[in-house]
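Take a look at the structure set out below.
Each reported figure results from applying straightforward, stated rules to the coordinates on display, with no laboratory input. No experiment lies behind these values; they were computed from the predicted model shown. Using ideal geometry, Cβ is built from the backbone for each residue, glycine included, and neighbour counts are taken over all protein chains shown.
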Amino acid sequence: MEAQFTHSTPTSTTSIAGKEYLFFSGFSYLGLHSHPTFNTLLKEGIDRYGTVFISSRIANTRLHLYEELEHALAVHLRQQAAATFSSGYLAAQAAVQYAATQGELLYATNAHPALRTGKPAIPTENWADWADKTTEKVNAHPDHTFVIVADGVNPLTSTINDFSWLTEIKRQVLVLIDDSHGIGIVSDDGSGIVNRLPQLSALRYLLSASLAKAYSTQGGVVAGHAKDVAAIKKTPLFTGATPMMPANAWAFLQSFPLHAAQLMLLQHKIRYFKALAAGIGYLYNPFHLPIFLIKDRSGIEKYLLDHDIMISSFGYPNPDSPPVNRIIISAQHGDKDLEVLHTLLINQ
C-alpha cells in the first residue's frame with residue numbers, strides 16, 4: 001500500500017487528508033499511548049524528572065529510578081537481573097553483540113533485524129526443520145560453542161514460536177530471544193514467552209524486548225542471568241548511550257494495575273473478533289494474538305481503505321520486501337469498530 005501521511009498519532013482511528021479512518025495497524029497493543037490515565041502518569045513523570053536525565057548510566061551521579069525499573073522488569077520476566085535502554089532496537093543490539101562473545105550465533109528462521117550483527121545468513125526454512133538441524137548441530141559440539149538467536153513471537157505470521165524442542169539440547173548453550181511482540185500480551189500476566197521456555201540446566205536464557213509495542217513506553221530491556229546482564233552493562237551500548245526518558249520509566253512503574261486491566265480488555269477484543277470472523281477462511285490467528293494475518297487476498301488493503309479502514313500493509317523487513325497484510329487489534333478498539341470491520345470483510 002502507498003504510504004499515507006497523518007498529522008497526529010493514530011488511536012482507534014486516524015485522519016488522512018482530513019478524512020477519518022478506522023485504524024487497525026501499528027502496535028500499542030494495550031492502547032496505553034492514548035489512555036488518559038497513562039498520559040496523566042507520563043505528565044506527572046515529566047513534572048518530577050523533566051524530559052531527560054542529563055547523565056549517563058555510569059556517571060558518578062545516577063538516578064535510582066532506573067534501578068527500580070530494572071528490578072521490576074527482572075521480576076516481571078522471571079530473570080535474575082535486567083538492563084534498560086532507550087529503545088528496543090538498542091536493547092536487542094546490546095544483547096546480540098554480547099551474545100556473540102559467548103559463542104557462534106545460530107540464527108533462527110526469519111530472526112528480526114534488530115537481533116542481527118554484521119550480515120548473517122538468516123534461514124528461511126520452516127521452523128521445525130531449522131530446529132531439528134540446530135539441535136543436531138549443537139549436540140555434536142562441546143559445551144558453550146553456540147548461541148541460539150530467535151524471536152519469541154513473529155508478528156508477520158501471527159505465530160508464537162515453539163521452543164519445546166530445546167528439551168533435546170544436550171550441551172550448555174545460551175539462548176537469546178527477542179520478545180518485543182510477546183511481552184505485555186502473551187501469558188495471563190503479560191510476562192511474554194518466558195512461561196513457554198523449557199527450564200533445563202543446559203539452557204541459559206537472555207531476553208530482549210521493546211517496551212513500546214505493548215506498553216507504549218519508549219525503551220527496551222535485556223534480562224537474564226546476573227553475570228550476563230552485568231557484562232552487558234559494561235559494554236559501550238549501555239555505558240555510552242543516553243538512558244530512556246525518566247518520565248517513561250516512572251509512568252511504567254506506576255502502571256502495573258493498568259497493564260493488567262488493559263490486557264484483560266485486549267483479550268476480550270481478540271475473542272470477540274475471532275468469534276465474529278470465525279467463518280472467514282483467509283484470516284489466520286491460531287495463537288490468540290492481536291494480529292490477524294490476511295492470507296492470499298490480493299487487493300484487500302485497497303478495498304478496506306476505500307471503505308475508510310486502514311490496515312497494516314507494507315513490505316517488511318525491507319521496504320522492497322513483499323507486502324504483508326494484517327489486521328491489528330488493540331485494547332482501544334470498541335466492539336462497534338470490530339463489527340464494522342467484520343461486515344466489510346464478509347462482503348468483500
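Segment 96-140 and segment 249-326 have Cα centres spaced 27 Å apart. Sorted largest first, the spans of the alpha carbon positions of segment 90-161 along the three principal axes are 35, 29, 20 Å.
One chain, two ends: Asn195 and Thr40. Fully extended at 0.36 nm per residue, the span grows by 52.6 nm beyond their Cα-Cα distance.
Taking 0.36 nm per residue of sequence separation and removing the Cα-Cα distance, the Ala278/Asp47 pair yields an extension gain of 78.4 nm.
Coupling constants for segment 134-142 follow from the phi torsions by the Karplus curve (6.51 cos²θ - 1.76 cosθ + 1.60, θ = phi - 60°), and in residue order they are 5, 4, 4, 5, 4, 5, 8, 10, x Hz; glycine and proline get x.
Divided by 2.2 N^0.38 Å, where N counts the residues, the Cα radius of gyration of the chain comes to 1.01. Here the extension length gained between Glu67 and Ile122 equals 16.3 nm, from 0.36 nm per residue of separation less the Cα-Cα distance. Across the chain, the relative contact order, built from alpha-carbon pairs under 8 Å that are at least six residues apart, equals 25 percent. Please give every one of the aspartates and glutamates within straight-line cross-link reach of Lys269, meaning a C-alpha to C-alpha distance under 20 Å, and leave out same-chain neighbours fewer than 8 residues apart. Of all the aspartates and glutamates, those that pass the test against Lys269 - Cα under 20 Å, at least 8 places apart if same chain - are Asp188, Asp189, Asp335, Asp337, Glu339.
Each of Arg78 and Gln172 was given a label point 7 Å from its Cα along the Cα-to-Cβ line. The distance between the two points is 2.3 nm.
What is segment 53-244's relative contact order, in percent, from Cα pairs under 8 angstrom and six or more apart in sequence?
Reported as a whole number, the value is 30 percent.
This model, with +1 at the C-beta of Lys and Arg and -1 at the C-beta of Asp and Glu, gives segment 53-244 a dipole about its Cα centre of some 580 debye. What pairs in Lys43/Lys274; Lys170/Lys213; Lys119/Lys234 have C-alpha atoms more than 30 Å from each other? In this structure, Lys43/Lys274; Lys170/Lys213 lie more than 30 Å apart at Cα. Extending 7 Å from the Cα toward the beta-carbon at both His7 and Gln267 defines two label points whose distance is 4.1 nm.
The charge dipole of the chain, taken about the Cα centre with unit charges on the Cβ atoms of Lys, Arg (+1) and Asp, Glu (-1), comes to about 540 debye, rounded to the nearest 20. For segment 53-244, the alpha-carbon coordinates run over 49, 34, 31 Å along the three principal axes, in decreasing order.
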